[in-house]
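Step one of this worksheet: look at the structure below.
The values are calculated or read from the model by the stated rules, or taken from the named source; none is laboratory data. As the structure is a computational prediction, the values presented were derived from the model and not from experiment. Glycine also receives a Cβ, built like all others from the backbone with ideal geometry; neighbour counts cover every protein chain displayed. Ligands, DNA and RNA are excluded from the accessible area calculation, which covers all protein heavy atoms including side chains. Shrake-Rupley method; radii C 1.70, N 1.55, O 1.52, S 1.80 Å.
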Amino acid sequence: MNLVQHGDLPAAVQALYPWPGQYLNITGAESQRPGTTMRMHYLDEGCGEPLLMVHGNPTWSFYWRTLVTDLSKNYRCIVPDHIGCGLSDKPGDWSYRLEDHIENLSNLIEALDLHDVTLVVHDWGGAIGFGAALKHSDRIKRLIIFNTSVFLGPVPLEIRMCRWPVLGPAMVQGLNGFIRVGLHRAISDRGRMKDGVGQGYLAPYNSWANRIAHLQFVRDIPIETAHPTRKVIEELDNRVEELNHLPTMFIWGAKDFVFTTAFLDKWLQKFPNPEVHILEDAAHFVVEDAHEKIVPLVRDFLGRNPLTE
């Protein structure tokens, strides 16, 4: 099952990410592996109102570590690793479809009996997080949205190349190219990758087998009209406005080459009255580029939008 555990991480990474975390056992039809249990790793740090932080590809819960370090002093930070990512199991024969990631996150919400949730999403975490939120809309109270989408848009050539036969697996699984390129193109200030940070993004993905999710996430982008995930995205696109009455904050890295500000413009057609912060010097890994600005913004937003009885 190719499980990388917390103790396997380099010391420099453990210093930045000191939490061993916990595991949710996933069984049944959603695993598409009869008789097999998969382990989904997640952090559960702090007490109080739950903040559910959902990462994308090719990151893992490590991406949210600066928010967890600060916000867990006053809030309960729930931070899962999707199957195939981070410290979760990485099966070679699982579906890796959006609908199944949504089901896994829904199972976590139910298993932990989370209510009054503030959903915090980035990249693929947007589609996964909103998919689960629409299943549990009565449990979601606030939204914090970083560069992401729940609707179709242009896909950069660098990402489309990773879908090509032969070249895609060689680049993504063989060379770990998806995350290595990301550590250059998805960061505005590359100096932030020093002192174990870049190592932290690479550490759980130390073999061909452990990079399976990177490739499968790219393959699950529903570019083709007949792609099985297109219907899931179209439903999210059609239904996401059901949540636009909630207090919502967008924090957007303006230098993102994937989710450009054109994606933010479309979000604002669906969410007419959100709080918006455009960070001009931040790229796709916006939290990595600007966590010093983001933590105060999140704290202020939560404080000004208290949960009602």
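Observations, loosely collected:
- Using alpha carbons only: equivalent-ellipsoid semi-axes of the stretch 123-167, gyration tensor based, whole Å: 30, 11, 8
- Packing-based ranking of 203-215, 54-66 yields 54-66, 203-215, ordered from highest to lowest mean Cβ neighbour count within 10 Å.
- Solvent-accessible area, 1.4 Å probe, carbon plus sulfur percent, for the stretch 214-260: 50 percent
- Calculated accessible area for the chain comes out at 40 Å² per residue, all protein chains present (probe 1.4 Å; ligands, DNA, RNA ignored).
- Among 12-24, 260-272, the order from most to least packed when residues are scored by Cβ within 10 Å on average: 12-24, 260-272
- With semi-axes defined as the square roots of five times the eigenvalues of the C-alpha gyration tensor, the equivalent ellipsoid of the stretch 1-154 measures 21, 20, 15 Å, largest first.
- Cα centroid separation, the stretch 148-200 to the stretch 73-91 (Å): 20 Å
- Distant-in-sequence amide contacts of Phe250, defined by a placed amide H-H separation under 5 Å and a gap of 5 or more residues or a different chain, comprise Ile145, Glu275, Val276, His277.
- Cα gyration tensor, the stretch 154-265 - rounded (a/c under 1.5), prolate or oblate: oblate
- The stretch 51-108 shape via C-alpha gyration tensor axes, a/c threshold 1.5: prolate
- Amide H contacts under 5 Å for Ile140: Val117, restricted to partners 5 or more places along the chain or on a different chain, H placed in the peptide plane at 1.01 Å from N.
- 10 Å-binned pair-distance histogram of the stretch 212-285 (Cα, whole percent): 17, 36, 39, 9
- Antiparallel %, DSSP beta bridges [both residues in the chain], to 5: 30 percent
- Taking amide H as placed 1.01 Å from N in the peptide plane, the amide H of Val54 sits under 5 Å from that of Val120, Val121, His122, each at least 5 places away or on another chain.
- In order along the stretch 9-18, the Karplus-derived 3J(HN,Hα) couplings, from 6.51 cos²θ - 1.76 cosθ + 1.60 at θ = phi - 60°, round to 6, x, 4, 5, 6, 4, 5, 7, 9, x Hz, and Gly and Pro are given as x.
- Highest average packing first - 230-242, 151-163, 107-119, Cβ atoms within 10 Å: 107-119, 230-242, 151-163
- The stretch 97-142: C-alpha gyration tensor shape, a/c 1.5 cut-off, then a/b vs b/c: oblate
- When you restrict to C-alpha pairs under 8 Å that are six or more residues apart and normalise by the size of the stretch 48-180, the relative contact order lands at 24 percent.
- Directionally averaged projected area (convex hull, Cα atoms, the chain), nm²: 14.5 nm²
- Kyte-Doolittle mean at least 0.0, axial Cα span of 30 Å or more - DSSP H helices of the chain: none
- Efficiency of FRET between Ala12 and Asn238 - r from beta-carbon atoms, R0 45 angstrom, step 0.05: 0.50
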